[in-house]
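K.L.:
Next up is a structure, given as structure tokens.
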Amino acid sequence: MKLASLKGGRDGRLVVVSRDLSRCADASAVAPTLQSALDNWDAVAPRLTELSDSLEAGRLDHRPFDPATCASPLPRAYQWADGSAYVNHVALVRKARGAEMPESFWTDPLIYQGGSDIFLGPRDPIPVIDEAWGIDLEAEVVVVLGDVPMGATRAQAIEAIRLVMLVNDVTLRNLTPGELAKGFGFYQSKPASAFSPVAVTPDELGSAWDGTKLDLPLLSFINGKPFGRPVAGNDMTFDFPALIVHAAKTRGLAAGTILGAGTVSNRDADGGPGKPIAEGGLGYSCLAEQRTVETIRNGKPSTPFLKFGDRVRIEMNDAQGRPIFGAIDQEVVRYNPRER
């Protein structure tokens, strides 16, 4: 089934969405919010599935589905943790800034804890105070979890995956070096993220989902031009269960935890850095990686970071070319405190 949260209150109003993303129906009689559904998943999921089936069959009152009316499927979450499962991306970025790549990065996942109290809706603008901060997109696949016990096994991790979504994990690249130099991780360089209009249960993904990763191209566009189409299942050093096991090593994870796999990054067919789409490659999921490749090739980057007025779009289609999650479609804007 496919689920979304319409804007309204801090936690939105839960709806079921048709598979073709054209219609939605109120689910508040079953669960008022997605977090409520996740808290009682075993009891609630069968009833939501019944609603979804009735919507597909035309037996349920419904309305047109408009992503512009959507909040994030979870407008706020108890936890948003993001990994870096595509170590190719980490290696390239570190190489460009002359930093050594520890061998442990290939065997021990990187995860940081992001801001989860405020998420942007899939069509909300990206508000930034200063262009000089180096505004970047990051296109990723994420999972939403049920309760995960401390010290979870791989089997328990697989069982805990409730939903799959996409995210634009916005990064302010020019703030990152100073923060990381302090040795205490990201904070100011990670503003609010935006998630796809719809979260889907893994069964909706068919053979593209093997229980551990999603094997489809992740599409991103900047100002309407194709920017990236790497395959999310390729070059994924750590799959989702591996990330979950790592995150739960010393503490349990509460239902509603969102866990990302990091910027999707593919090597080129020759094993080297990926190439831009204009050169016949799969492109990138963030500008930092393209700038890194330019630095490796030419000694300096030539692609600018995002500017006010630029538009970013992130989506994924199934094998038949049909949209799965709906699109994240955002304009970068100068933050205006008077519009809060």
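The values are calculated or read from the model by the stated rules, or taken from the named source; none is laboratory data. Given the structure is predicted, the values throughout are model-derived calculations rather than measurements. No Cβ is skipped: glycine too gets one built from the backbone with ideal geometry, and neighbour counts run over all protein chains shown. In case anyone asks, the SASA skips ligands and DNA or RNA and just uses the protein heavy atoms, side chains included. Shrake-Rupley method; radii C 1.70, N 1.55, O 1.52, S 1.80 Å.
K.L.:
Note down the magnitude of the dipole of the stretch 124-210 about its Cα centre, charges +1 on Lys and Arg C-beta and -1 on Asp and Glu C-beta and zero elsewhere, to the nearest 20 debye.
P.N.:
On the way: 5 positive and 13 negative charges, 62 e Å.
Dipole of the stretch 124-210, to the nearest 20 debye: 300 debye.
K.L.:
Here's a follow-up. Which value, in debye to the nearest 20, gives the size of the charge dipole of the chain about its Cα centre, when Lys and Arg are +1 and Asp and Glu are -1 at the Cβ?
P.N.:
Dipole of the chain, to the nearest 20 debye: 780 debye.
K.L.:
Could you tell me which of the pairs Lys275/Lys300; Lys225/Lys307; Lys213/Lys249 are separated by over 18 angstrom between their Cα atoms in the structure shown?
P.N.:
From Lys275/Lys300; Lys225/Lys307; Lys213/Lys249, over 18 Å: Lys213/Lys249.
K.L.:
Before I look further, what does the chain give for accessible area per residue, probe 1.4 Å, in whole square angstrom?
P.N.:
Roughly 44 Å² per residue, with all protein chains present.
K.L.:
Further question: Among Pro109, Asn168, Ile126, pick out the residue whose Cα is farthest towards the positive end of the charge dipole of the chain, where Lys and Arg carry +1 and Asp and Glu carry -1 on C-beta, about the Cα centre.
P.N.:
Farthest towards the positive pole: Ile126.
K.L.:
Just from its helices, what would the mean residue ellipticity at 222 nm be for the chain, if runs of 4 or more DSSP H residues each count -39500 (n - 2.57) and the sum is divided by every residue, rounded to the nearest 500 deg cm²/dmol? Mind dumping the intermediate values first?
P.N.:
Details: 7 runs with 64 residues, N = 340.
One gets -5500 deg cm²/dmol as the mean residue ellipticity at 222 nm.
K.L.:
Largest first and in whole Å, what are the equivalent-ellipsoid semi-axes of the stretch 1-65 based on the Cα gyration tensor, each being the root of 5 times an eigenvalue? Intermediate values should be presented prior to the final figure.
P.N.:
Working: eigenvalues 62, 41, 14 Å².
Listed largest to smallest, the semi-axes of the stretch 1-65 are 18, 14, 8 Å.
K.L.:
Now for a different question. For the chain, with the dipole built from +1 on Lys and Arg beta-carbon atoms and -1 on Asp and Glu ones, taken about the Cα centre, which of Ser207, Val231, Ser196 lies farthest toward the positive end?
P.N.:
With unit charges placed on the Cβ atoms, the residue in question is Ser196.
K.L.:
Keeping the other protein chains in place, figure out the carbon and sulfur percent of the accessible area of the stretch 137-269, with a 1.4 Å probe.
P.N.:
With neighbouring chains kept in place, the figure for the stretch 137-269 is 54 percent.
K.L.:
Provide the net charge surrounding Glu159, with neighbours chosen by a C-beta distance below 13 Å and charges set as Lys +1, Arg +1, Asp -1, Glu -1.
P.N.:
Counting the neighbours of Glu159, the net charge comes to 0.
K.L.:
Of Asp53, Asp42, Asp20, which has the largest mean-square fluctuation in a 10 Å C-alpha GNM of the chain?
P.N.:
Asp42
K.L.:
Here's a follow-up. In a shell of Cβ-Cβ distance under 9 Å around Met150, excluding Met150 itself, what net charge do Lys and Arg (+1) and Asp and Glu (-1) give?
P.N.:
For residues surrounding Met150, the net value is +2.
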